[in-house]
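The values are calculated or read from the model by the stated rules, or taken from the named source; none is laboratory data. Please read these numbers as outputs of a predicted model, since none were measured by experiment. A quick note on method: Cβ atoms are made from the backbone with ideal geometry, for glycine too, and the neighbour counts reach across all protein chains shown.
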Amino acid sequence: MREIFKRVPPDDSRSLVRAAVVCTSWHDILSDADFAREYRAFYGAPPVLGFLHNTRHKRSWEKGRIRHYRKEYVVSNFVSTASFRTPACRERRHWRVLDSRHGLVLFHTPKRWRVKADPDCADIIWNGWSDDDDNKYEQENEGVTWNAAVLCAKDGCDHIYCHGGPFLEPNAIETTGHSAVVGNKVYFPCEETDSLVEYDKAGQKLSVIALAEEEDDDLPWLDLMGVEDGMLLLATMMNFRLCLWSMEAGPSKTAVWVRRRVIELEPLLPATALIRMWVVGFAEGVGVIFLNTKAGLYTVELSSGRSKKVHGGTSFREVRPYMSFYTRGTD
């Protein structure tokens, strides 16, 4: 049975959950930490179990006939897309999702709102700011002009079973958006300029990479999505087409942006979705792009071209795919 269970597709987590309650012997197999490691090694990249996103809300109260509004606050949300739906994690007020990687989720919350993690939700990594840091980075409206990423800190790790291991939290100022990791380097998009911030973990250095030269007017605005085939992946929308770009070494070791592929979205999405759409997320390892459209949130598989509607909302700015194996075994 061990070999049979190993061949249950990771995106069919419902079958594994049901098998675990059939009998004691099956439960013991599926709860074994060795089976969890074997299962993860067999499939490599974990499946997408859902996604996280941030929303903004305004506090309001009524005094007589007049409604008063205070400044906005952030709420983080998790939406499950797996066949087996876990008990819903309640929305987190004043918690901002920053990153999700290796089955871990990185949040930031002002010190005055910090509470204990919910054991029923995904693992939570605290960003331990000092009081001075809170004063420096927090405004009354919780505005964020910095970003952070969660990284595995194990030397030589293949990232198959590093869930729960040591981690790092590199930060970059004046950036938002998605981060990407290539080898020992972490990349963040710069908020104010058309460039990337590169953080070298080994050398503990920061540098800036221009996405386009000032005279290069033909290159469209590129959004950093993640990593594919060991290279940075950037995306842009052009006339119902999803254009994917990667950074390659050019003459004199300068960065050159090369268009890798173009995906025609018109045959994949309904007509109403084509009215307005933009890229809001990318699941590394499985090649799944998240598109916010007028008709809802869609995923597009880069390998097969298959599309799927995963949410009815139409105002997503960024989503963080949560990827992990839904196996019971732990270290």
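Worth pointing out:
- Residue within the range 54-64 that is at pLDDT 80 or above and either crowded, with 19+ Cβ neighbours inside 10 Å or basic (Lys, Arg) (or both) present: yes
- Close Cβ contacts (under 9 Å, 6 or more residues apart or on different chains) running from residues in the range 221-238 that are at positive phi to residues that are outside any loop (DSSP other than H, G, I, E, B) and of a type in the set (Lys, Arg) comprise ASP229/ARG260.
- Residue that is surrounded by the fewest Cβ atoms within 10 Å (Cβ to Cβ) [pool: residues in the range 300-312 that are free of Cβ contacts under 8 Å to residues at least 40 places away in the same chain and closer than 16 Å to GLY50 by Cβ]: GLY312
- Any chance TYR322 is touching a Phe, Trp or Tyr at 6+ places or on another chain (Cβ under 9 Å), surrounded by 14 or more Cβ atoms within 10 Å (Cβ to Cβ) and farther than 23 Å from ASP229 by Cβ: no
- Close pairs (9 angstrom Cβ cut-off, 6 or more residues apart or separate chains): closer than 14 Å to MET247 by Cβ in the range 197-210, loosely packed, with under 14 Cβ neighbours inside 10 Å and among the basic types (Lys, Arg) anywhere: GLU198/LYS205
- Subset of the range 278-307 (residues that are in a strand (DSSP E or B), hydroxyl-bearing (Ser, Thr, Tyr) and farther than 30 Å from SER195 by Cβ): SER307
- Test result for VAL22, at pLDDT 85 or above and within 23 Å of the chain's Cα centre (by Cα): no
- Single residue of the range 260-269 satisfying the filter (surrounded by 14 or more Cβ atoms within 10 Å (Cβ to Cβ) and part of a strand (DSSP E or B)) that is modelled with the highest pLDDT: ILE263
- Condition met for ILE173 (in contact with a Lys or Arg (Cβ under 6 Å, 6 or more places away or on another chain), modelled with pLDDT under 65 and not basic (Lys, Arg)): no
- Any hit, the range 234-255, residues being closer than 25 Å to LEU104 by Cβ and either aliphatic (A, V, I, L, M) or modelled with pLDDT under 90 (or both): yes
- Selection count, the range 2-20, where residues are closer than 12 Å to PHE325 by Cα, in a helix (DSSP H, G or I) and without any contact (Cβ under 8 Å) to a residue 24 or more places away in the chain: 0
- For the range 270-277, the criterion of being over 22 Å from ALA149 (Cα atoms), in a loop (DSSP other than H, G, I, E, B), without any contact (Cβ under 8 Å) to a residue 24 or more places away in the chain and aliphatic (A, V, I, L, M) is met by at least one residue.
- Subset of the range 25-45 [at pLDDT below 85 and either touching a strand residue (DSSP E or B) at 6+ places or on another chain (Cβ under 9 Å) or not in a helix (DSSP H, G or I) (or both)]: GLY44, ALA45
- Verdict on SER315 being of a type in the set (Ser, Thr, Tyr) and loosely packed, with under 14 Cβ neighbours inside 10 Å: yes
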